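Below is one structure, written out as structure tokens; comments come after it.
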Amino acid sequence: MVLHMEMNRLKKELSHPQDFTEPDVLYEKLVNTIKSYHPSADMTMIRKAYELADNAHKDQRRKSGEPYIIHPLCVAIILAELELDKETIVAGLLHDVVEDTVYTSEQIAEMFNEEVAVLVNGVTKLGELSYSADKVEVQAENLRKMFLAMAKDIRVILVKLADRLHNMRTMQYMPPHKQQEKSRETIDIYSPIANRLGISKIKTELDDLALRYLEPEKYAELTRQLDERKTERDAFIQSIVEDVKQHIDNSGIEAEIDGRVKHYFSIYKKMVNQNKTLDQIYDLFAVRIKVETVKDCYAALGIIHEMYKPIPGRFKDYIAMPKQNMYQSLHTTLIGPEGQPFEIQIRTYEMHKVAEYGIAAHWKYKEGATTRKSGNEEAKLSWLRQILEWQQDFTDNREFLTLLKTDLNLFNEDVYCFTPSGDVKNLPAGSTPIDFAYSIHSAVGNKMVGARVNGRQVTIDYKIQNGDRIEILTSQNSRGPSRDWLSIVKSTQAKSKINAWYKSQFKEENITKGKELLEKYCKQKGIVFSKINKPEYVNKVMLKYGFKDWDSICASVGHGGLKEGQVINKMVEEYKKDHMAKITDQEVIDAIGDQALQDTKDAPKKKRSKGGIVVKGIHDVAVRFSKCCSPVPGDEIVGYVTRGRGVSIHRTDCVNIVSMTEDDRKRLIDAEWQQQENEKDGRLYTTEILIYANNRMGIFVDISKVFNEMKINIESMNAKTNKQGKATISLSFDTSGTEQLNRIIAKLRNVESVIDIERTAG
């Protein structure tokens, strides 16, 4: 009952517009925020940008009904809260002007300066990007553009993050499918980028807002559980803070101490990943101690460990070995007076500022010129340079996107190890000496023949532990990396460099092998390759899979990146669109008898047939749904006149249709769903999907839960797992049409460990 009331409250909150703040009030807030960190700031440029944006957007409204100018004002305020320079704040005010109004980049440069114009133009191009989990090639190409824009000026992505944050804050005015799409994009791309840039202030809020729309029921349940014990929790945190403060003060260390509950998304992910309830999460509570110096950090740690019993294995020193985004702090988990675990984080004030603002802390509001890049900033952007390097090696957009998401993953723990000279290397957990070798240089990895860890010879699949000292053994006689290494390494960098080596070494060989495989496939399927090997069809394949030329496609087929069937079926599909067979009345007579012809003569051009299908030129013909592709209402369909069994209905992308011989294609006939055929008529259609996932305990329960929640019966479920722990799960169930099917698939994509989902296509 309580959960039901909470859900209703959230639905009401998400569906009814709230009163908006007047633009002039928001502008005053912007000015005051800037003056809070730069009291002598000249507001002339800010005022000019506000007036220009206000005038440019004067006739525009947002989905909420509020004046459009409120959006760029709120974006600028978010940027000011990050204490950014005036050029970035002006770009925030003007970020939609070039895209949505009559003003051009040249006019912006003339009215302000070239720096502002470059930022606005960069954000405008990012605004044109579209993200769709179903359009992998477009998505990957868009992300390539994003990283190139970031490389030119990282402030472009800071404005984009602020833009996304305000859009997520006002997502309640968007339709449900947009809420889901934008929230998924936020979790997959924008939040990880904010994390990589060290901007926890934005990252944590993006996570929580996305969770609210991706999992509204779980979000409501989590907030209810936290609210239920708020008084008790606040009293516990306050008692810890007061106790710690007393001991720290007695030691003579000046410190600022506060306590909090971790943000919702962090708690939710730990509950899902560790399969625990809220009560079982160790570091639900966190107390933060801020001091002046690094020496004080370690002194405070000693005092804390005297006060409370630390939990073994739960201490992390991110000061001595910072995270990849340069985050620094001491983390220790302790047992409270009443047996309640809690976490304490100890850091300097400067470390806290870097943790909150990340790379944004390096752009101070400065008159005349922007602050130069510092060494810390260069370190923060090293991952971006790596992405720009290895993305050039990937002509396959699907592979690029998979590795990118892995590289941006927030939840991978790191291991810290050392070179023989004592330099620290930061690698993903589970990394091997091969990952270490490629982190030093491509040439070291390519020539690697063995490794020593702490002076002892180890196998190449040895899992690196924190503190290991690693020495790579190389030889000029090495033949290069083995393909087996791809299943051993953990880092994106190593995988990309191994793939790059193979592609460069064996490109000609792969091209030849790929062409042979394509021709062989055509012969097996009875397809005349010369008929489909036309520029217009080849270009469609290149566009779909993100390749620049035909040789790259052949090379990808040759080294296994693409299946020959994927390429040929796409070309046949495009060929078929240009050469759709027109069935004759005589062929219909041969297939279904004289009675069908008589009905055709007496009936209009298109008549309804059994099964809710309209078949061109045929009335009351026997219709059956093909089991190879299981079409449902909403799918594009085509009829095939069988010999003696009426018309078989297939999806147009069915493999059996795409790979038909020329003779069989003459028996294809136009078909479509009846106009009134929809989800409300109660008719159900059997369909089948394939789920690709990382195998784990409880994944079948989580998948079944989705169907239970949607009151859909699973007809059959089969699964197989390979040696790498990848599971392929085949599910058969009844659905009313593509609308319901898409909702099911969208929910299944949110299940932990699910990698991809596709429908069977024959």
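Okay, here's what the table says:
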item	result
As computed over the stretch 716-756, the Cα convex hull volume per residue (Å³)	66
Cα-projected label distance for residue 274 with residue 177, points at 7 Å along beta-carbon direction, nm	3.9
Charged-residue dipole, Cβ positions (Lys, Arg, Asp, Glu), the stretch 404-514 about Cα centre, Debye nearest 20	280
Estimated FRET transfer efficiency when R0 is 22 angstrom, pair residue 730-residue 624 (beta carbons, to 0.05)	0.50
5 angstrom amide H check on residue 345, placed H, neighbours 5+ away	287, 288, 289
Net length gained if the chain between residue 443 and residue 476 were fully extended (0.36 nm per residue, minus Cα distance)	10.9 nm
At q = 0.18, 0.22, 0.23, 0.25 Å⁻¹, base-10 log of I(q)/I(0) for the stretch 150-225 (Debye sum, equal scatterers on each alpha carbon)	-0.70, -0.97, -1.03, -1.16
Exposure of residue 522 as accessible area (Å², to 10), given a probe of 1.4 Å and all protein chains	0
Pairs from 316/726; 276/490; 497/720; 201/269 whose Cα-Cα separation, in the structure shown, is over 23 Å	316/726; 276/490; 497/720
Residue list for the stretch 35-51, given a label point 7 angstrom along the Cα-to-Cβ vector of residue 106 and an amide N cut-off under 14 Å	none
For the stretch 269-347: rounded, prolate or oblate by the Cα gyration tensor [a/c cutoff 1.5]	oblate
Length-normalised contact order of the stretch 492-578 in % [C-alpha pairs under 8 Å, at least 6 apart]	41
Accessible solvent surface per residue of the stretch 250-357, calculated while the other protein chains remain in place, 1.4 angstrom probe, Å²	48
Within-12-Å neighbourhood charge of residue 512 [Cβ basis; K, R +1; D, E -1]	-2
Other-chain or far-sequence residues with amide H under 5 Å of residue 563's (modelled H)	none
Derived scalar couplings ³J(HN,Hα) [the stretch 650-655; Karplus, 6.51 cos²θ - 1.76 cosθ + 1.60; whole Hz; x for Gly, Pro]	10, 6, 5, 9, 4, 4
Under 5 Å, built H, 5+ apart or other chain: amide partners of residue 673	614
Gain upon complete extension [residue 303, residue 243; 0.36 nm per residue less C-alpha separation]	20.5 nm
Theoretical gain in end-to-end length, residue 29 to residue 42 [0.36 nm per residue, Cα-Cα removed]	3.1 nm
Two-site FRET efficiency, residue 700 against residue 665, from Cβ-Cβ distance with R₀ of 51 Å, rounded to 0.05	0.80
Listed pairs 447/723; 182/540; 525/576 exceeding 18 Å between Cα atoms	447/723; 182/540
Phi-based couplings in Hz for the stretch 221-229 (Karplus 6.51, -1.76, 1.60; Gly and Pro marked x)	5, 5, 5, 5, 5, 5, 5, 4, 10
Estimated vicinal HN-Hα couplings, Hz - the stretch 78-94 in sequence order (Karplus 6.51, -1.76, 1.60; Gly, Pro = x)	4, 5, 5, 5, 8, 6, 7, 6, 5, 4, 5, 5, 4, 4, x, 5, 9
Sites residue 756 and residue 519 - FRET efficiency at Förster radius 35 Å, r taken between beta-carbons, to 0.05	0.75
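The values are calculated or read from the model by the stated rules, or taken from the named source; none is laboratory data. Remember, predicted model here, so these are calculated numbers, not experimental data. Neighbour counts run over all protein chains shown; Cβ positions are idealised from the backbone, glycine included. Surface areas here come from the heavy atoms of the whole protein model, side chains and all, with no ligands, DNA or RNA. Shrake-Rupley method; radii C 1.70, N 1.55, O 1.52, S 1.80 Å.
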